[in-house]
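Data first, discussion second: the structure below is written as structure tokens.
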Amino acid sequence: MKKITFLIFLLVSTIGFSQPTTNAPVPTRLQADVISIYSDSYTSVATDLNPNWGQTGAVNTTFNPTGAGTNFVLAYTNFNYQGTLLTTQNASSMEFLHIDVWCAANPTASILQVSPINNGTGAAEALVTVNYTSGSWASIDIPKSAFTGQTWDSVFQLKFAANGAGSTTPINVYLDNIYFWKAP
């Protein structure tokens, strides 16, 4: 009986602490067509990846999935929401927000959302659901039109949320290659 209990504990622990062991795909867009928030491939405009907005989790800005030290990702553990501060960007000419996501949570039971926060014209924020695949990297391109009413003419923050506003059900999320982009 003790062995079965121990095996169940190990299984639950392994599932609960799953994390990526591979790198996110390397982006191929030209720097001239990108405003990068976080990526080893582009120059970033983020000024604070952990502004302490009272969220439950922690942020590791240099999580190293492979251990090789060549490609870092953001690790949001015990994550309910997180903000990122940027130098204010006029991203109105951009067409998409790109995010590489790795999450062990079941996407039908755990919702991940994102919104640029704009202090120019139009809506200040519009949370959009990120459709990810459990246990593997998913490269997501969200069209600007999905962010209803946003103009992206003065983006100064980015917000991620798990399981809706005020959620008390945190998840672990790993993000890389967060950037706005447009076709050349």
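The values are calculated or read from the model by the stated rules, or taken from the named source; none is laboratory data. The structure presented is a predicted model; accordingly, all values stated were derived computationally and were not measured. Glycine gets a Cβ as well: all are built from the backbone with ideal geometry, and neighbour counts include every protein chain shown. Only protein heavy atoms, including side chains, enter the accessible area calculation; ligands, DNA and RNA are left aside. Shrake-Rupley method; radii C 1.70, N 1.55, O 1.52, S 1.80 Å.
Observations, loosely collected:
- Cα pair distances in segment 20-122, grouped into 5 Å bins until the bin that holds the longest one, percent each: 2, 10, 19, 22, 23, 15, 7, 1, 0
- Carbon + sulfur, % of accessible area of segment 103-160 - ligands and nucleic acids excluded, 1.4 Å: 51 percent
- Couplings for segment 61-75, taken from phi via the Karplus curve 6.51 cos²θ - 1.76 cosθ + 1.60 with θ = phi - 60°, read 7, 10, 5, 10, x, 9, x, 7, x, 10, 8, 9, 10, 7, 10 Hz in order; Gly and Pro are left as x.
- The chain: angle of helix 2-16 to the longest principal axis, Cα-based, in degrees nearest 10: 10 degrees
- For the chain, a simple Cβ point-charge model (Lys and Arg +1, Asp and Glu -1, everything else neutral) yields a dipole of about 540 debye relative to the Cα centre.
- The length gained by stretching the chain between ALA146 and GLN19 to full extension, at 0.36 nm per residue less their Cα-Cα distance, is 42.8 nm.
- Whole-Hz Karplus values for segment 21-26 come out as 10, 10, 7, 5, x, 7 Hz, taken residue by residue from phi with 6.51 cos²θ - 1.76 cosθ + 1.60 and θ = phi - 60°; glycine and proline positions read x.
- P(r) tail for segment 96-184: Cα pairs beyond 14 Å make up 64% of the total.
- Largest mean-square fluctuation among GLY69, GLY57, GLY122, in a Gaussian network model of the chain whose springs join Cα atoms under 10 Å apart, belongs to GLY69.
- C-alpha center-to-center spacing [segment 79-113, segment 114-184] in angstrom: 4 Å
- For segment 104-145, the equivalent ellipsoid built from the Cα gyration tensor has semi-axes of 25, 11, 7 Å, listed from largest to smallest.
- Segment 146-153 - phi-based ³J(HN,Hα) in whole Hz, Karplus 6.51/-1.76/1.60, Gly and Pro as x: 5, 8, 3, x, 7, 9, 6, 8
- Over all directions, the projected convex hull of the C-alpha atoms in the chain averages 11.4 nm² in area.
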